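Structure first, then comments.
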Amino acid sequence: MSTDTKQDYAVIGHSVPKIDAREKVTGTAKYTADLKFPNMLYGKILTSPHAHARILSIDTSEAEKIPGVKAVVTHKDAPTLKYGISPARWDENIFCIDKVRFVGDKVAAVACVDEETCYKALAAIKVEYEVLPAVLDPLHATDEDQPQIHDEFPRNINAEIHQNFGDVDEAFRRAHYVRTDTFVGNRTYQTPLEPHTATSMWEGDKLTVYSSTQSPHYFQYYIAREFGLPMGNVRVLKTYVGGGFGGKLEPTGLEFAGAVLARITGRPVKMFYDRAEMFAHNRGRHRQYMTLTTGVDENGKILGVHADFIMDGGAYTSLGIATAYYAGAMLTLTYEFDNFRFDMLRVYTNLPACGAQRGHGAPQPRYAFEAHLDNIAKDLGIDPIEIRIRNARRPNTVTPNEFKVNSCELRACLEKAREISGWREKKGKLPKGRGIGVATGSFVSGAGYPIYRTDLPHAAAMIKVGEDGTSATLYTGAVDIGQGSDTVLCQMAAEAMGYTYEQMKIVAADTETTPHDFGAYASRQTLMSGAAVRQAGEEVKRQLLETAAEMLDFPPEQLDVRAGRVFAKDNPETTLTFGEVARRHFVTKGPLVGKGSYTPPKLGGTFKGAPVGTSPAYSFAAQVSEVEIDEETGEIKVLDVWDVHDCGTVINPSLLHAQVHGALFMGMGEAIWEEVKFDGNGRILNANLSEYRLPTALDMPRVHSELVESYDPAGPWGVKEVGEGATLPTMGCFRNAIFDAMGVSVDSLPLSYEKVWRALKEKREREAAG
């Protein structure tokens, strides 16, 4: 463990203002939709009104005659190479060629002088369809009599996973008690505040795309592949991003169709989704059917687990292969057991494709397992926190699926959550209709392997100090999507250089001017991008001290720099300013520049699917919630939530606690209200923000966010993640509090007022009949 302590740090560990705060609060921040370019056109995509249909003909002639229409394109005008974000299953085209596979599938696109003309042109395109039977029920998608959605994937099986570690059957035979439960997770959507938008333009054979993206690099790679271009001929720029949560990790029809339209017209083309189109594009949370069987000894110690899941993937793969593996892989992290079997079917349906949403495939299985564990605890008469402490993972252990866990303070999280929530005083002693529940979670601090196979480093960074030393600019491909990574990385750069945060600037997420980085997903940037930034900062510091040594006639190793002041370690009164030394360096040696990169060590096992879930470090958390149920209406009021996190060294406490609040907000919405609903023809019934119920500030409980001391040797300064991990316990925590309050279980998400009311009604009827 490092000997660093909080007082050793001049910049990190402090709550500094966000580096982009002024631009955002004054309205000067430019998001992709705010950008305007000379001669720019507007583009829209014509989508399918049917869930499953064969395309017989497309007639664009009337649309082309409308004044102001500059281009109308179909699959005949676009590359037909299949694409996707998961190389294991490239199954999507820019425009549908032979048939459409969900309501909202891409059929054609137009570029016009204004938005109004776009809508006129879309209405004028005539498409003749032969409507086909649709697959809408994932539980029957593999039935022999179901229509095929993709010919190359028989029985609509997108992914089939069977993993077996240890001997689960023998563990069940040895167990004192074995229980099986089934739970259902809900389809939800990220609903970022900012809609997807992209503006594309060509200059010769070079394509430039401004996009609301979580990963300029992946966009660059996949767009270049689709159009047969060298990656250097595709420039992707991220402007300000109004939230992503996983939904902006992969290119959409906007980037691809926009590039086609821009090439044909020779003009910039701005493409955008309205709110309903965002819901149709989706890439949100999968609906999952989760059956868990667990065997325990008489003390509640877990001996073996079998997870048997079915996942509704929708019409295309998106990030679903990784999601499917994550759903099982992450179950092994929080509790120690040796025997684990995981079976999964991810099936195609004629519904919008699902992908990665905050926590990827892990939150729903975590909800299911935490509810399942509470059931076991109740049957055995063991306190829910106590059974978790007995099974809690310890540091320096290895999971059955070969994840190496360095730091882990889950036991401390549970003990602190028990203390600060008043658990002992409340559990089993609250008034009627009140309940208290607990759940845990764990998440990766960056994926151990990239989405496609490459030997590129996972992150790189460069720092250039200004000629007079009064400013320094960090160049990074990392992506701030609102979580504050620009701020955190500038703090890390300043700490590593011995500089001040207030003098830092940042240029980020432009594939032409910034070093490579894989972007904002899998809670990776604080550890991985931060490691590259620290290395770059330390290179600046080394050069600076060498120059200062010449100026002071001291050996470099006897000097240090902190908060913009160079000083002799044994004589702190012997000083120079950072600026003085930096200027001398520029005059005598040229630009003062540092560079760094990060590649994780080889992680995980060699079995199929082994890379998914690997990470240099894992966060851990315990959450306790207290709820109140109105037994007449089923209404749920969350009174308090206590979150205790093991997330390593904290770079910016304010941003960390903000991440916890935001994660809780999302988890609360998914737990109680959120669900994308469809009619019998596959059309979304609530693709708007009035009928898709999100929590508001008025719904939020009192949140008590606390930490336990932790340091992970894999991260710079011992850091780990917090942004996604804080989402994982919430759904299970609320379910268990409701279970405690009601005495009955609701085993499908969302835990809506209606479901709670119905469960209470059925309970009363059983009691009356008994």
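The values are calculated or read from the model by the stated rules, or taken from the named source; none is laboratory data. A quick note: this is a predicted structure, and the numbers were derived from the prediction, not measured. In this analysis, Cβ positions are derived from the backbone assuming ideal geometry, glycine residues included, and neighbour counts consider all displayed protein chains. Accessible surface areas use protein heavy atoms only, side chains included; no ligands, DNA or RNA. Shrake-Rupley method; radii C 1.70, N 1.55, O 1.52, S 1.80 Å.
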**Complete:** For the stretch 583-656, the convex hull over Cα atoms projects on average to an area in nm² of 11.8
**Item:** Mean shadow area of the stretch 12-162 over all directions, Cα convex hull, nm²
**Value:** 15.7
**Request:** Calculate the length of the line joining the C-alpha centroid of the stretch 129-185 to that of the stretch 382-455, in whole Å.
**Result:** 28
**Item:** Fraction of antiparallel bridges per DSSP, the chain only, in percent to nearest 5
**Value:** 75
**Request:** Pull up the cross-link candidates among the lysines for Lys270, meaning alpha carbon to alpha carbon under 20 Å and not fewer than 8 places away within one chain.
**Result:** Lys30, Lys36, Lys44, Lys70, Lys106, Lys120, Lys206, Lys238, Lys248
**Request:** Name the aspartates and glutamates eligible as straight-distance cross-link partners of Lys602: C-alpha to C-alpha under 18 Å, and not fewer than 8 places from it in the same chain.
**Result:** Glu402, Asp455, Asp712
**Request:** Determine, for the stretch 361-447, the count of lysine pairs separated by eight or more sequence positions (or lying on different chains) whose alpha-carbon distance falls under 19 Å.
**Result:** 6
**Item:** Mean residue ellipticity (222 nm) of the chain, computed from DSSP H runs ≥ 4 via -39,500 (n - 2.57), nearest 500
**Value:** -8500 deg cm²/dmol
**Viscosity 1.002 mPa s, temperature 20 °C, Stokes-Einstein D of the stretch 265-369 from Kirkwood C-alpha radius, µm²/s** = 139
**Prompt:** Taking Cα atoms of the chain, Rg/Rh with Kirkwood Rh, to two decimals?
**Reply:** 0.99
**Message:** Could you tell me what a quarter of the Cα convex hull surface of the stretch 90-143 works out to, in nm² with one decimal place?
**Reply:** 5.6
**Neighbourhood charge, 10 Å Cβ-Cβ cut-off, centred on Gly242 and excluding it, Lys, Arg +1 and Asp, Glu -1** = +1
**Asked** What residues qualify as long-range amide H neighbours of Thr142, i.e. H under 5 Å apart, gap of 5 or more or another chain, H built at 1.01 Å from N?
**Response** none
**Asked** How big is the stretch 115-233 in terms of Cα radius of gyration and Dmax, in angstroms?
**Response** 23.8, 71
**Kirkwood Rh in Å, taken over the stretch 299-342 so that all alpha-carbon pairs contribute** = 12.1
**Request:** For the stretch 137-143, take each phi angle, set θ = phi - 60°, evaluate the Karplus expression 6.51 cos²θ - 1.76 cosθ + 1.60, and give the result in whole Hz per residue in order, putting x for glycine and proline.
**Result:** 10, x, 6, 10, 4, 8, 4
**Message:** Using amide H atoms built in the peptide plane, which far-off residues or other-chain residues are under 5 Å from Arg524 H to H?
**Reply:** Gly446
**Inverse of mean 1/r across different Cα pairs in the stretch 167-248, Kirkwood, Å** = 16.5
**Asked** For the chain, what is the accessible area per residue in Å² when the probe is 1.4 Å?
**Response** 37
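Using DSSP to define loop residues, name the GluC sites (Glu not before Pro) in the stretch 557-641 whose beta-carbon has at most 16 other beta-carbon atoms within 10 Å. Display every interim value, and only then the final one.
Numbers: sites: Glu557, Glu573, Glu580, Glu626, Glu628, Glu631, Glu632, Glu635; in loops: Glu631, Glu632, Glu635.
Taking the stretch 557-641 and a limit of 16 other Cβ atoms within 10 Å, the loop GluC sites (Glu not before Pro) found are Glu631, Glu632, Glu635.
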**Asked** Whole-Hz Karplus ³J(HN,Hα) for the stretch 615-630, in order, using 6.51 cos²θ - 1.76 cosθ + 1.60 and θ = phi - 60°, x for Gly and Pro?
**Response** 6, x, 7, 10, 8, 9, 8, 10, 10, 10, 10, 10, 10, 10, 10, 7
**Prompt:** Normalized C-alpha radius of gyration of the stretch 224-323, against 2.2 N^0.38 Å?
**Reply:** 1.66
**Asked** Which lysines have a Cα lying under 25 Å from the Cα of Lys541, excluding residues fewer than 8 positions away in the same chain?
**Response** Lys6, Lys18, Lys464, Lys505, Lys569, Lys589, Lys595, Lys720
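Measure off, as a whole percent, the carbon and sulfur share of the 1.4 Å-probe accessible area of the chain, all protein chains present.
Details: 14080 of 28340 Å².
Ligands and nucleic acids excluded, carbon and sulfur reach 50 percent.
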